[in-house]
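The structure under discussion appears below in the form of structure tokens.
The values are calculated or read from the model by the stated rules, or taken from the named source; none is laboratory data. On a predicted model such as this, the values are computed, not experimentally measured, just so you know. Don't worry about glycine lacking a Cβ; one is built from the backbone with ideal geometry, like all the others, and counts go over all protein chains shown. Each accessible area value is taken on the protein alone, full model and side chains, heavy atoms only, with ligands, DNA and RNA left out. Shrake-Rupley method; radii C 1.70, N 1.55, O 1.52, S 1.80 Å.
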Amino acid sequence: MRLEPLQGSNHSRITYFNDGRTGKFISHPLAKTHVDDRGLQFSDGIYEVIAAENWQLIDEDLHYKRLVRSLKAVGISTSASKKSIHVIIMELLRRNGLKDAMIYIQITRGIAKRDHYFPKNSRPTLLITVAPLKKPSAEEIENGVVVITIPDLRWQRRDIKSISLLPNVLAKNQALPAKEAWLIDNGVITEGCSTNAYIVIASGAVKTHPKNNLILGGITRETALALAKKNKIKIEEKPFTLQEALNAKEAFLTSTTAKILPVVKIDGKKIGSGKPGKITRKLMKIYNDYVDKITKA
Ligand code: PMP
């Protein structure tokens with residue numbers, strides 16, 4: 001049987017796919033995994049997302065460190081080194097003609113007969129895709145975004161960047177047309193479905209959930225907090241409640257693709273003046289300057 005490309009698919013898009021035996025650059029619609037891949041059967045895998053701007057990977061080392069941490073946490077060992085992943089990514093950017101891209105890396109425990117127990121000899125599946133970087137709109141950057149709150153139904157190891165994202169997917173869709181759902185666990189806001197969450201309190205300090213098993217340690221979070229400290233913006237890594245958020249002066253969110261975006265409404269209530277706040281704007285500028293320095297290097 002001839003493999004027909006998916007309808008509307010773009011044959012010029014190139015993806016990297018390694019089924020544990022051979023790795024190849026392949027036309028995106030022809031890249032197919034095995035039905036017994038444990039990623040497909042059990043969500044038994046982890047992933048990473050990196051942004052490229054002007055052919056430069058933003059915070060590449062931090063992303064790679066988190067990838068290795070996630071792999072270790074679930075006991076997947078891969079022979080793919082940081083160097084080889086870097087080479088593949090740069091080749092993908094080149095072949096796809098994308099200087100600004102969202103890079104998606106996924107590693108699963110590999111192909112094995114379906115069984116909960118770890119297979120003895122499976123070899124991890126590695127896939128890397130690149131897609132045009134979806135930047136926030138000028139309107140979102142200028143006027144901020146709206147979020148709603150939803151109960152946090154996820155597991156207790158949210159620090160692992162697991163491909164098991166069903167609760168995140170459900171909450172994100174439930175939140176529509178809001179940009180994001182902020183998740184509430186035990187009375188506190190942990191984070192968003194695909195972003196970290198922050199408020200600016202009366203003292204002018206930025207408050208965000210501490211980095212532990214209850215949130216994903218975002219790379220943008222890490223960099224933004226380090227830049228904030230350097231620029232004398234006070235940070236409180238402490239959980240905050242919905243009530244605190246509703247009374248906050250400002251709010252914002254961060255992620256690799258969104259960078260820093262002001263949050264101007266939570267559950268229909270305006271935050272502060274209902275416009276992006278001063279500290280948020282300042283941090284957005286500091287963060288953008290940081291990215292500019294990397295991309296103009
Ligand atoms: N929290 C969750 C649950 C996420 O999925 C993401 C994005 N992957 C983030 C936070 C933000 O992380 P990063 O800054 O590394 O993109």
Can you tally the net charge around S70? Count Lys and Arg as +1, Asp and Glu as -1, for every other residue whose Cβ sits under 9 Å from the Cβ of S70. +2
Point-to-point label distance, K282-K134, nm (Cα→Cβ direction, 7 Å offset): 3.3
Roughly how many nanometres apart are two label points built 7 Å out from the Cα toward the Cβ at Q243 and A205? 1.9
Enumerate the whole-percent occupancy of each 10 Å bin, from 0 to the last occupied one, for all C-alpha pair distances of the chain. 6, 26, 33, 24, 10, 1, 0
Label-to-label distance, nm, for residues given as R114 and N213 (7 Å Cα→Cβ offset): 2.9
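With a 1.4 Å probe and all protein chains left in place, how much of the accessible area of region 14-132 comes from carbon and sulfur atoms, in whole percent?
55
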Could you give the accessible area per residue of region 138-295, probe 1.4 Å, as a whole number in Å²? 46
What are the aspartates and glutamates whose alpha-carbon lies under 17 Å from the alpha-carbon of K229, with same-chain residues fewer than 8 places away excluded? E237, D289
Taking the chain as a Gaussian network, Cα atoms linked when under 10 Å apart, which of L170, L98, L214 shows the biggest mean-square fluctuation? L170
Scoring only Lys, Arg, Asp and Glu (+1, +1, -1, -1) among other residues with Cβ under 12 Å from the Cβ of H34 yields +3
Taking amide hydrogens as modeled 1.01 Å from N in the peptide plane, which residues meet the under 5 Å criterion relative to C193, leaving out close sequence neighbours? A181
Mean shadow area of region 138-295, taken as a quarter of the surface of its Cα convex hull (nm²): 8.8
From a point 7 Å beyond the Cα of L30 in the direction of its Cβ, which residues of region 106-146 have a backbone N at a distance under 12 Å? none
Checking T125, T22, T254 against a Gaussian network model of the chain (alpha-carbon springs below 10 Å), the top fluctuating residue turns out to be T22
Over 30 Å between C-alpha atoms is what I'm after, so list which of K32/K120; K65/K120; K72/K234; K99/K207; K238/K282; K83/K278 land there. K72/K234; K99/K207; K83/K278
On a C-alpha basis, how far is the centre of region 89-140 from the centre of region 14-67 in Å? Whole number, if you could? 2
Can you give the FRET efficiency to the nearest 0.05 for K269 and A73, using r as the Cβ-Cβ distance and R₀ = 41 Å? 0.65
